[in-house]
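Taking it in order: structure first as structure tokens, then the write-up.
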Amino acid sequence: MRSGLLLLAALAALHGPARAVERLDGDTIKRAFEGNTVSGRYTNGGFFTEFHDPDGRALGHNGWQPNRDACWTTRGDQVCYYYGPQSDRTVHCFTVELNRDLYILRNAGNGQINALASVEPGNPRKHGDNGESWYCDGLISKAPEVPMTRRRVAAR
């Protein structure tokens, strides 16, 4: 109950007297999040904490379960998270605003506040992959496209 009141107070402060709220571009988001831990609370009450590994993986938990096959990237002026394998992947993209040291994540689609977060340097919570290693595929890593092989050309 108390933490719910704190969240409401923080949200109210965002709508209070004029404050220096800065909307971040993709490069600024990347510099703030990459190699650091982003932790916070969703507006619906759940907590999350994720280490933003420079290799694109999001290690930790997204509020409901430990991350498995979770990746992050910046696209334009948004940070996007991909959860799960390609067959049933969910994608969530957010714009990010900074008010002092409070990060405000807004749903890219409708602009509503999704979460409030802080950024801790490094990986102080020691988030890892829990022995279930994964990598972020081309959708995330922007790895160079694999050249077409003769077999693939013949199949066309």
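The values are calculated or read from the model by the stated rules, or taken from the named source; none is laboratory data. Fair warning: this is a prediction, and the values are worked out from it, not measured in the lab. Because the Cβ atoms are built from the backbone with ideal geometry, glycine has one as well, and the counts that use them run over all protein chains shown. To get the accessible areas, we keep the full protein, side chains included, count just its heavy atoms, and leave off ligands, DNA and RNA. Shrake-Rupley method; radii C 1.70, N 1.55, O 1.52, S 1.80 Å.
Going through (1) touching a strand residue (DSSP E or B) at 6+ places or on another chain (Cβ under 6 Å); (2) modelled with pLDDT of 95 or more one by one, ASP27 falls short only on (1).
Tell me yes or no: at least one residue of the stretch 96-106 is of a type in the set (A, V, I, L, M, F, W, C), surrounded by fewer than 12 Cβ atoms within 10 Å (Cβ to Cβ) and more than 14 Å from ILE29 (Cβ to Cβ). No, the stretch 96-106 contains no residue that is of a type in the set (A, V, I, L, M, F, W, C), surrounded by fewer than 12 Cβ atoms within 10 Å (Cβ to Cβ) and more than 14 Å from ILE29 (Cβ to Cβ). Of the conditions (1) within 17 Å of THR95 (Cβ to Cβ); (2) modelled with pLDDT under 95; (3) among the small types (Gly, Ala, Ser), GLY40 fails just one. Which one is it? Going through (1) within 17 Å of THR95 (Cβ to Cβ); (2) modelled with pLDDT under 95; (3) among the small types (Gly, Ala, Ser) one by one, GLY40 breaks only (2). For CYS80, the conditions (1) touching a residue at least 12 places away in the same chain (Cβ under 8 Å); (2) part of a helix (DSSP H, G or I) all hold with the exception of (2). Screening GLY84 with (1) touching a strand residue (DSSP E or B) at 6+ places or on another chain (Cβ under 8 Å); (2) at pLDDT 95 or above gives one miss only, at (2).
Any idea which residue in the stretch 81-106 is farthest from PHE48 (Cα to Cα), counting only those that are among the hydroxyl-bearing types (Ser, Thr, Tyr) and in contact with a Lys or Arg (Cβ under 6 Å, 6 or more places away or on another chain)? Among those residues, the one meeting the criterion is THR95. Filter the stretch 19-46 down to residues that are more than 14 Å from ARG125 (Cα to Cα) and either hydrophobic (A, V, I, L, M, F, W, C) or open to solvent by less than 50 Å² (accessible area, probe 1.4 Å) (or both), then give me how many there are. Of the residues in the stretch 19-46, 12 are more than 14 Å from ARG125 (Cα to Cα) and either hydrophobic (A, V, I, L, M, F, W, C) or open to solvent by less than 50 Å² (accessible area, probe 1.4 Å) (or both). Considering only the stretch 77-101, how many residues are out of contact with any helix residue (DSSP H, G or I) (no Cβ under 7 Å at 6 or more places or on another chain) and aliphatic (A, V, I, L, M)? Matching residues across the stretch 77-101 total 2.
Quick grid of which residues meet (1) exposed (fewer than 12 other Cβ atoms within 10 Å of the Cβ); (2) of a type outside the set (Phe, Trp, Tyr); (3) at pLDDT below 95; (4) farther than 19 Å from VAL79 by Cβ:
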residue: ASN114; (1), (2), (3), (4): no, yes, no, no
residue: GLY122; (1), (2), (3), (4): yes, yes, no, no
residue: LYS126; (1), (2), (3), (4): yes, yes, no, yes
residue: ASP129; (1), (2), (3), (4): no, yes, yes, yes
residue: LEU139; (1), (2), (3), (4): no, yes, yes, no
residue: GLU145; (1), (2), (3), (4): yes, yes, yes, yes
residue: ARG151; (1), (2), (3), (4): yes, yes, yes, yes
residue: ALA154; (1), (2), (3), (4): yes, yes, yes, yes
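ARG41 meets each of the listed conditions (1) in a loop (DSSP other than H, G, I, E, B); (2) among the basic types (Lys, Arg); (3) over 16 Å from ASN130 (Cα atoms) apart from (1).
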